[in-house]
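Here is the structure we will look at, set down as structure tokens.
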Amino acid sequence: MTVKTDPMTAALSHATEDALHAATRARQVLHRNTLEYAARLIRDVLPDAAAITADTDDGELHEVRDASGKALYRAPFTPNSPLTDGLAGDVTDLLKHAFLFGGLEEAGWETAAEGLPYRSVPLPTGAQRSTAATEFPASRAHGSIRAEYTPGAPPAFELDGLDDACIRETRDRIRAAIVNSGLEWKPGHMRIVAHWTVTSGYSADLALAVTALAAAGAIDPAALNGVALIGELGLDGRVRPVRNITAAVRSAQDAGYLKFIVAADDFDTVSRNVDITPVGVTDLPAALAFLQEMHEPTTSTTEARTSGTPGEDAGPCAQCDRPLIWDNTGKGVNDEWGEYICSGPRRAGKVVHVLAK
């Protein structure tokens, strides 16, 4: 017997099947993210937590256990437990909403020792967090910046420690500068904490963005050591000059900093200080390149001169053959356009212009 299906019925059949597949995938993501979120909340107070049991009918958290099976928390109340009723309630709310969509067995929930409706599930292994830190010459005191990145965690970008009035604006500007520079990181949770009070201006943008990128693995966090970064960021990732750059440099210099990365438009002003080594950059990627260059030992086999007369011919670049001149400090070289970055074939393996022997 031949079964005939009209075009409308076939279309509805395919649409229903596609919707079912989409719903199944969405449910899998919901359960995974819910469990990761719950694990984060629980491990903040019970770092040894390895598994949980819940009453799946009521969606309530019933028990938290460590890897050996020892109960760290059991509802409705565990004396002296750091897992408070409020926090347990937050976890319960997460589970309750996820359980409504079913699919618990596929999500790894097994029948608990207490029997149904109790089910147990291992908590996902916590992702390895990476950090980076630097300091910033704030107007009133030397401040600090610390970034913590957790890959694989629910995506988020947090900024804490600044005045409430500028947190959101600064966070959005930094995030846009990073994304528009093509320097995104893998999905995860980024948290930046800045310990100082910003009274005006955006001179810490560059330091905040670079510290976040270092935590996410764009460069070695150790490359931040001993380098002061001062510059405002545009939404396109360009580094802009800042007000009172001389005062900011002096503050950092008093704290022991001798290496500086500033906006290219601030370089001439900063380079008048002969006791420091400044670099001027036009955008965020260039700042990263210079930091890595400062951190890594040179791979060049040539022995380049280390100083010269500002403005005089320094010879061709050993990598791209472009004519170079000594910059205003007499300690660095740039090309005829004032750029330090080498855009040609980097035969010596460096990202900046290199003098031949």
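The values are calculated or read from the model by the stated rules, or taken from the named source; none is laboratory data. From a predicted model like this one, the values you see are computed outputs, not experimental measurements. As a convention, Cβ positions derive from the backbone with ideal geometry for all residues, glycine included, and neighbour counts pool all protein chains shown. With ligands, DNA and RNA removed, areas are computed over all heavy atoms of the protein, side chains included. Shrake-Rupley method; radii C 1.70, N 1.55, O 1.52, S 1.80 Å.
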Quiz item: With 34, 16, 9 as the choices, which residue is open to solvent by less than 50 Å² (accessible area, probe 1.4 Å) and farther than 20 Å from residue 81 by Cβ?
Solution: 34
Quiz item: Among 74, 65, which is touching a strand residue (DSSP E or B) at 6+ places or on another chain (Cβ under 7 Å) and surrounded by fewer than 18 Cβ atoms within 10 Å (Cβ to Cβ)?
Solution: 74
Exercise. Kindly check whether there is at least one residue in the stretch 42-63 that is assigned to a helix (DSSP H, G or I) and closer than 17 Å to residue 125 by Cα.
Key: yes
Quiz prompt | Single unsatisfied condition, residue 131 versus (1) among the β-branched types (Val, Ile, Thr); (2) crowded, with 17+ Cβ neighbours inside 10 Å; (3) modelled with pLDDT under 90 | solution = (2)
Quiz prompt | Any hit, the stretch 99-117, residues being more than 16 Å from the chain's Cα centre (by Cα) and assigned to a helix (DSSP H, G or I) | solution = yes
Quiz item: Can you name the strands (runs of 3 or more DSSP E) wholly within the stretch 254-357 that have at least 3 residues being open to solvent by less than 30 Å² (accessible area, probe 1.4 Å), more than 29 Å from residue 143 (Cα to Cα) and modelled with pLDDT of 70 or more?
Solution: 333-335
Quiz item: Here are 110, 106, 158: which of them is of a type in the set (Asp, Glu), open to solvent by less than 90 Å² (accessible area, probe 1.4 Å) and either within 30 Å of residue 209 (Cα to Cα) or at pLDDT 85 or above (or both)?
Solution: 158
Quiz item: So is residue 14 part of a helix (DSSP H, G or I), over 30 Å from residue 187 (Cα atoms) and at pLDDT below 90 or not?
Solution: yes
Self-check item: Contacts under 9 angstrom Cβ, first residue in the stretch 269-281 being over 17 Å from residue 239 (Cα atoms), partner among the aromatic types (Phe, Trp, Tyr) and surrounded by 22 or more Cβ atoms within 10 Å (Cβ to Cβ), 6 or more apart
Solution: 273/260; 276/260; 277/260
Practice problem: Can you tell me which residue within the stretch 161-176, out of those that are modelled with pLDDT of 75 or more and open to solvent by less than 40 Å² (accessible area, probe 1.4 Å), is farthest from residue 30 (Cα to Cα)? | Solution: 166
